[in-house]
Amino acid sequence: MENTRNKEYYISEFKKTEASMNGEASSSFHQVRKNAISRFEELGFPTIKNEDWKYTNVKQLFDFDFTGGNAAGVTKKDVDALHIKGLNENIIVLVNGVYSEKLSFVKKQNGGIIIENLNSVLKNNPELVLDHIGRYATIDNGFTALNTAFAKEGTVIIIPDNAEVKGHIHILNITGEAGKHILTQPRNLIITGKNTKVNIIESYHSTGSEANLVNAVNEVVVGENSFVEIYRLQQENQDSFHINRTQAVQARNSVFTHFSVTLGGGLVRNDTNILLNDENCTGNLYGLYLTEGSQHVDNHTLIDHAKPHCQSNEMYKGVLNESSRGVFNGKVFVREDAQKTNAYQSNKAILLTSDASIDTKPQLEIYADDVKCSHGAAIGQLDDEAVFYLRSRGISADMAKTVLIRAFANDIFETIENETFHEHLNQLVFEKLG
Amino acid sequence: MLTVKDLFVRVEDKEILKGINLEVNAGEVHAIMGPNGSGKSTLANVIAGKDGYEVTGGSVTMDGMDLLDMSPEERAREGVFLAFQYPVEIPGVSNATFLKTALNEIRKHKGLEELDAMNFLKFMREKMKVVGIDEKLINRPVNQGFSGGEKKRNEIFQLQMLQPKLAVLDETDSGLDIDALKIVSNGVNLFRGKDNAVVVVTHYQRLLDYIVPDFVHVLVDGRIVKSGGKELALELEEKGYDWVINPEAETAAV
C-alpha cells in the first residue's frame, strides 16, 4: 500500500513540475521525461518479488519524506576538503543535487570539449544530448524511470574525436541539510569520440547524519579507440540511501575501466553494466566495499559481450563487519556472435563476524562456442593463523586485522594505475578500518 | 629467565602436557627433543600465546612476568619470539613493511624512538647479511612463494631483526638441506648471548650439531622424562626414543 502511495506522490510531483515549466514542457527532451514517468507508473519501485531485487528491500525508503534542498549550508571549505589533491584539475560540484557554479571549477579545455551541467546544456544546446540521454540506460526499473523523468541536474561531458582533456574530472556530490531528508537525482552523460582518453571521479558525500536518497544514473559512450576510466566513491553517512546505475557502451578497440568503492551509505544498490558492442574491446569492472554496522551494499553487474574478440575482467572484493550485509550478482552474457570472448570474473568476501552475511551469485549465459569464461566466488574469514603470526611479532590484534584486510584488498589496489587515486583510496581504507 | 612450572595443557578434550617443569636461564640453550605427538610444539605454542590451548594447571613466567596472562603481542614486545614450524604466508603484505611495523611496535613498547625508513633500511641490510637473505625476498609478500628453506631462513632473519630475550625455535630444521641448515644455525649462534636464551624444539639431533645445547630434555607423552647435557642428544640419536620411553625393555634386552 505504502508503495503505491509513494508512486503516486512522485507522479503528482512530476505533474506539478510540468505545470510550472515555461515553454520547456513542449521541448523534445520533455517528451523523454514524459515517457519515463509513464514507465515509472507501470513499474513502480522494485520489490523483493523481483528477482533482481530479491536481496535488497527498498521499502525503508517509504519511511522518509524526501525533498529538495538548498546549497546554503555547504561552504567552499567543506567542498575543498573533499578535493583529491592531484586529481582536482576540473571539479563539478552538486550540492543537494543542484549544480553549484560557485564551487565548481573547470579548466579551459581544447575546442569542442564540453564539461557542463546538464541543466544548462538542456537550456542552451539540447541537441547535444537528445540523441543520447535515455538511449543506453534503458528503463528497466522504477529508479531509472524516476531519474529520467526528473532528469535536470548532472554533468555532461562530451569529448570530440582526437581531443585531449586537460586533467581529471571530478564530479563531486555533496548532500544533506539539517532537519531534512534530501532527494537528489543526478544524471550524468559522458560521450567520447575516437582516440580520446578521460579519467573521471564520481564521488558522493553527506553533510550531517540525516537519511538522504541519491538516485543517480550515468550513461557512458566509449568511442572507438578511446580509453575511459571512472572511479566511483561512495562515502555517504550510514543512514543514507544510494541507488546508482551506470551503463557503458563500448565501440571498437576501446577500453573502459570502472572502479566502485563503497565505504559509506546505509543502503547502497549499484547496477554497473557494460555493453561490449564492437570487436576488440576491453571492459574492466573492479569493486571494493567495506561495511560495518547495519550497512547493506548490493552490487549488480552486467557485462554483455555482443561482439567477437573482446575481453572483460571483473573483480569485486568485500569486507563485512558487524551485522552488515552484502549482495553480489555478476551477470556475464556472451552472445552468439561473440566468438573468441575472454571473460574473467572473481568475487570474494571476508565476513569478520558471524552476524555479517553476503548473498553472492555469478550468472554466466554463454551462447557462443569458442570462448574462455571463468568465474570464482569465495567467502571466508580472516586467517587466524596469519593473525597469530603477526601478533607473535608484536603487532596488536587490531592492527593485525587491519593489515590482513588491506592485504586481502590488495588485488584491487594492484589494478589501480593512477598512483594518486591508489594512495587516496589506501588512506580511506585505513581510516575506515581504523 | 623462563620458568615453566607443573604445566598442564589440553587441546579440546585431550590432555597434551601433563606437568612440565623447565628452568631456562639467560645465556643458555635448551633443546627439547621427543617423538611426534609428544607435545613439543604445544609447549612452544603455549609459550608464544597461540589460541586453542587450554592451560589447566601450572604457570609460565619470564623474568617474573606471568606470560599466560599476556596477549601474544605483549609477550612479543617483552621479548618472546617463536620461530614457526610452518611460517604463514601473508599475500599482500611485504616482508619489509611487516618487519618495520613489528620492530617499531616493540621499540615503542620499550620507550625507544621508532626507526624511520632510512635507519630501518640500514639496520635491515646489516641483518640480511647475517642470514644471507636475498633483497628480493625482503620485498616480496611475507613468505609467499618462498621455498621451505627460504621460509625458515626468514624466521631466523626476523629473530635477528627483533632481537628478543627468549627465542623458541619450533622444528626449525625440518625441510632444510645441509647448506640451509648451516646458515640458519649460524644465524641462531650469532644471536646467542649472555642476556638471552634459546629453546630449540626438535625431533632430530642433527640441528644440535650446529646449535650446540647446554641442556637436553626428552619430552614423551606430555612429560619430560629425561634431562641431561648435550651428550644426551647423541645417545638418543644412537639408541632411538624407545630407549627413554621403555628403558626396562632396553635393559632386559641387554
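The values are calculated or read from the model by the stated rules, or taken from the named source; none is laboratory data. As the structure is a computational prediction, the values presented were derived from the model and not from experiment. Cβ atoms come from the backbone with ideal geometry, glycine included; neighbour counts cover every protein chain shown. Areas reflect the complete protein model, heavy atoms only, side chains present, ligands, DNA and RNA absent. Shrake-Rupley method; radii C 1.70, N 1.55, O 1.52, S 1.80 Å.
Of the residues making up segment A:10-37, just one is assigned to a loop (DSSP other than H, G, I, E, B) and surrounded by 14 or more Cβ atoms within 10 Å (Cβ to Cβ), namely A:SER27. Filtered by the rule that a residue be farther than 17 Å from B:MET70 by Cβ, within 13 Å of chain B (Cβ to nearest Cβ) and open to solvent by 40 Å² or more (accessible area, probe 1.4 Å), segment A:370-398 gives A:ASP383, A:ASP384, A:GLU385. Restricting segment A:316-355 to residues that are open to solvent by 20 Å² or more (accessible area, probe 1.4 Å) and within 19 Å of the chain's Cα centre (by Cα), which is farthest from A:ARG252 (Cα to Cα)? Step by step, filter segment A:316-355, then rank; the result is A:ARG325. With respect to being in contact with a strand residue (DSSP E or B) (Cβ under 6 Å, 6 or more places away or on another chain), open to solvent by less than 20 Å² (accessible area, probe 1.4 Å) and modelled with pLDDT under 95, A:VAL74 fits the description. When we screen A:THR148, A:THR138 for residues that are out of contact with any strand residue (DSSP E or B) (no Cβ under 6 Å at 6 or more places or on another chain), in a helix (DSSP H, G or I) and more than 23 Å from A:ASN90 (Cβ to Cβ), the only hit is A:THR148.
If the condition is being of a type in the set (A, V, I, L, M) and in contact with a Leu (Cβ under 8 Å, 6 or more places away or on another chain), then segment A:38-70 contributes A:VAL58, A:LEU61. The single condition among (1) within 14 Å of another protein chain (Cβ to nearest Cβ); (2) out of contact with any helix residue (DSSP H, G or I) (no Cβ under 6 Å at 6 or more places or on another chain) that A:THR420 does not satisfy is (1).
Only a single item in (1) part of a loop (DSSP other than H, G, I, E, B); (2) in contact with a helix residue (DSSP H, G or I) (Cβ under 8 Å, 6 or more places away or on another chain) is not met by A:ILE158, and it is number (1). For segment A:38-57, residues that are in a loop (DSSP other than H, G, I, E, B) and closer than 15 Å to A:HIS300 by Cα total 7.
Just one of the listed residues (A:HIS296, A:HIS309) is open to solvent by 10 Å² or more (accessible area, probe 1.4 Å) and on the phi > 0 side of the Ramachandran plot, namely A:HIS309.
Taking the criterion of being of a type outside the set (A, V, I, L, M, F, W, C), assigned to a loop (DSSP other than H, G, I, E, B) and on the phi < 0 side of the Ramachandran plot, the residues of segment A:161-178 that qualify are A:ASP161, A:GLU164, A:LYS166, A:HIS168. Can you confirm whether A:ASN410 is within 14 Å of chain B (Cβ to nearest Cβ), within 28 Å of the chain's Cα centre (by Cα), over 30 Å from B:LEU67 (Cβ atoms) and at pLDDT below 95? Answer is yes for this residue.
Go through the residues of segment B:57-65 one by one and say whether even a single one is within 17 Å of the chain's Cα centre (by Cα), among the β-branched types (Val, Ile, Thr) and open to solvent by 30 Å² or more (accessible area, probe 1.4 Å). The answer is yes, given that some residue of segment B:57-65 is within 17 Å of the chain's Cα centre (by Cα), among the β-branched types (Val, Ile, Thr) and open to solvent by 30 Å² or more (accessible area, probe 1.4 Å).
Among the residues in segment A:81-97, are any under 18 Å from A:LEU146 (Cα atoms) and touching a residue at least 24 places away in the same chain (Cβ under 8 Å)? Checked segment A:81-97: at least one residue is under 18 Å from A:LEU146 (Cα atoms) and touching a residue at least 24 places away in the same chain (Cβ under 8 Å).
Within segment B:140-156, take every residue that is within 14 Å of chain A (Cβ to nearest Cβ) and over 22 Å from the mean Cα position of the chain (by Cα) and give me the one that is least open to solvent (accessible area, probe 1.4 Å). The extreme case among them is B:PRO141. Here A:ASP359 fulfils each of the conditions (1) of a type outside the set (Ser, Thr, Tyr); (2) away from chain B (no Cβ under 14 Å); (3) free of Cβ contacts under 8 Å to residues at least 60 places away in the same chain apart from (3). With the condition kept exactly as written, say whether any residue in segment B:157-166 is facing chain A (nearest Cβ under 8 Å) and either in contact (Cβ under 8 Å) with a residue 24 or more places away in the chain or under 25 Å from A:GLU414 (Cα atoms) (or both). Yes, segment B:157-166 contains a residue that is facing chain A (nearest Cβ under 8 Å) and either in contact (Cβ under 8 Å) with a residue 24 or more places away in the chain or under 25 Å from A:GLU414 (Cα atoms) (or both).
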